[in-house]
Amino acid sequence: MSVTATRLKELRTQKKLTQSELAETIKSSRGTIAKYERDERVPSFAVLSIIAEALDTTVDYLQGKTDNAFKTVHSGSATAIREGKKHVDLDDDELVMSFEGKELSEDYKKSILAFVKMLREDRK
């Protein structure tokens with residue numbers, strides 16, 4: 001069984017959703033959800049994004065790229081997470097940056113970080 005199939009079923013049951021309820025939420029069928037959970041069908045990235053949103057998690061978690069099921073970074077700092085906002089530490093080596101559904105290379109990531117640092121320095 002794939003990580004995606006296992007995690008999809010685990011999160012759905014944790015949220016106390018039936019396959020039919022999840023299917024209705026993502027505008028799909030119960031049979032399709034069942035096939036995803038039995039690993040008989042693999043959801044596209046677009047569908048996985050919709051499922052992740054419905055289950056309040058990330059695509060990376062569903063795909064097994066991270067063991068953190070939460071959308072936000074949880075930290076001890078009271079200011080780290082503001083109401084309804086996500087906190088992302090751009091210096092995090094585990095951070096996977098993507099644009100339009102495609103992961104950015106390490107070179108792009110370094111360029112983005114350099115640009116952000118330059119902007120921050122210009123404001124001083």
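The HN-Hα couplings worked out from phi for the stretch 5-16 by the Karplus form 6.51 cos²θ - 1.76 cosθ + 1.60 (θ = phi - 60°) are 4, 5, 5, 4, 5, 4, 5, 4, 6, 4, 7, 6 Hz, whole numbers, x standing for Gly and Pro. In order along the stretch 48-56, the phi-based Karplus estimate (6.51 cos²θ - 1.76 cosθ + 1.60, θ = phi - 60°) of 3J(HN,Hα) comes to 4, 5, 5, 5, 4, 4, 5, 9, 6 Hz; Gly and Pro are listed as x.
Couplings for the stretch 59-68, taken from phi via the Karplus curve 6.51 cos²θ - 1.76 cosθ + 1.60 with θ = phi - 60°, read 4, 4, 5, 4, 8, x, 7, 8, 9, 8 Hz in order; Gly and Pro are left as x.
Largest first, the residues 21, 40 sort by 1.4 Å accessible area into 40, 21.
The values are calculated or read from the model by the stated rules, or taken from the named source; none is laboratory data. The structure presented is a predicted model; accordingly, all values stated were derived computationally and were not measured. Keep in mind that these areas ignore ligands, DNA and RNA; they rest on the heavy atoms of the full protein, side chains included. Shrake-Rupley method; radii C 1.70, N 1.55, O 1.52, S 1.80 Å.
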